[in-house]
1. Which of the chymotrypsin sites (Phe, Trp or Tyr not before Pro) found in region 1-58 are loop residues per DSSP with 16 or fewer other Cβ atoms within 10 Å of their Cβ?
2. Any chance you could list the semi-axes, whole Å, largest first, of the equivalent ellipsoid that the Cα gyration tensor gives for region 64-186, using √(5λ)?
3. Against the 2.2 N^0.38 Å scaling, with N counting residues, where does region 1-70 land? I'd like the Cα-based Rg ratio to two decimal places.
4. Heavy-atom accessible area per residue, region 109-186, 1.4 Å probe: how many Å²?
5. Keeping the other protein chains in place, figure out the carbon and sulfur percent of the accessible area of region 29-161, with a 1.4 Å probe.
6. Please identify the longest segment of the chain free of exposed GluC sites (Glu not before Pro), where exposed means a DSSP state other than H, G, I, E or B and no more than 10 other Cβ atoms within 10 Å.
7. Ignoring ligands and nucleic acids, what accessible area does L69 show with a 1.4 Å probe (Å², nearest 10)?
8. Compute from the Cα atoms of region 12-127 the Rg and the Dmax, the latter being the longest Cα-Cα distance, and quote both in angstrom.
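The values are calculated or read from the model by the stated rules, or taken from the named source; none is laboratory data. Remember, predicted model here, so these are calculated numbers, not experimental data. When we count neighbours, we look across all protein chains shown, and the Cβ atoms used for this are built from the backbone with ideal geometry, even at glycine. For accessibility, only protein heavy atoms count, side chains too; no ligands or nucleic acids. Shrake-Rupley method; radii C 1.70, N 1.55, O 1.52, S 1.80 Å.
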Amino acid sequence: MNEIVAPALRFEQQALAGTGIVKTERRIRDLGDIYFYRDAWKQMPGDELVYEVESYLPVADGTEGGLFLGITRIHPGKVGREYFMTKGHFHKIRNRAEIYMGMEGEGMLILMDEHRHTWAEKMFPGSLHYIHANIAHRTANTGNTVFSFGAVWPADAGHDYATISEGGFSKILVEQQQGPVLIDRI
Ligand code: S6P
Ligand code: ZN
């Protein structure tokens, strides 16, 4: 019997290929509650693609001890002065950490603790990021090309989007002459 088998999945041109990949797309119309510049958002075509995620979920959602893997690709663009970005979330089980790995393009990992203190880390091909437990996380594309990164997170972490959808992050990442800057959201 041959005990050497093919892998379940592989990276193909920065995307995940193989069986059991779940794909999610987020378009402008899905993201009305996260961008600061609402008037600019209203004027954009609703079907413009902002980001897509391919996830490999080899165990059932909620499995203690299991791991999930995802590739997120954020397209270049801005809503007003704010860069295209993900919804952002806390994990539903707050004490679940996550690892991000920059793959292509340039971006920013925006982090916020439960006291609403917000900061950010630059992301680029090869950058590695440990997102501690109890930290909300969101990513933004700060370049002119597709920005992609890999993520690995516990299968029982879950996602709490409501807290961010209602209160946002305390700072927004905007383009200024010198590049991306985090400013207070007033
Ligand atoms: C999951 C992980 C990522 C995000 C993805 C999209 O825990 O953090 O795979 O799901 O980057 O972001 P969001 O905030 O729309 O889920
Ligand atoms: Zn997460």
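1. Working: sites: F11, Y35, F36, Y37, W41, Y51, Y56; in loops: Y35, F36, Y37.
Sparse-neighbourhood loop chymotrypsin sites (Phe, Trp or Tyr not before Pro): Y37.
2. On the way: eigenvalues 103, 64, 25 Å².
Three semi-axes, in Å: 23, 18, 11.
3. Working: Rg = 17.8 Å, N = 70, 2.2 N^0.38 = 11.1 Å.
Normalised by 2.2 N^0.38 Å, the Cα Rg of region 1-70 equals 1.61.
4. 49 Å²
5. Values: 3240 of 6070 Å².
Exposed carbon and sulfur together represent 53 percent of the surface.
6. Working: sites that count: E3, E64.
In the chain, the maximal stretch lacking such sites is 65-186.
7. Rounded to the nearest 10, that gives 40 Å².
8. Cα only, region 12-127: 15.5, 44 Å (Rg, Dmax).
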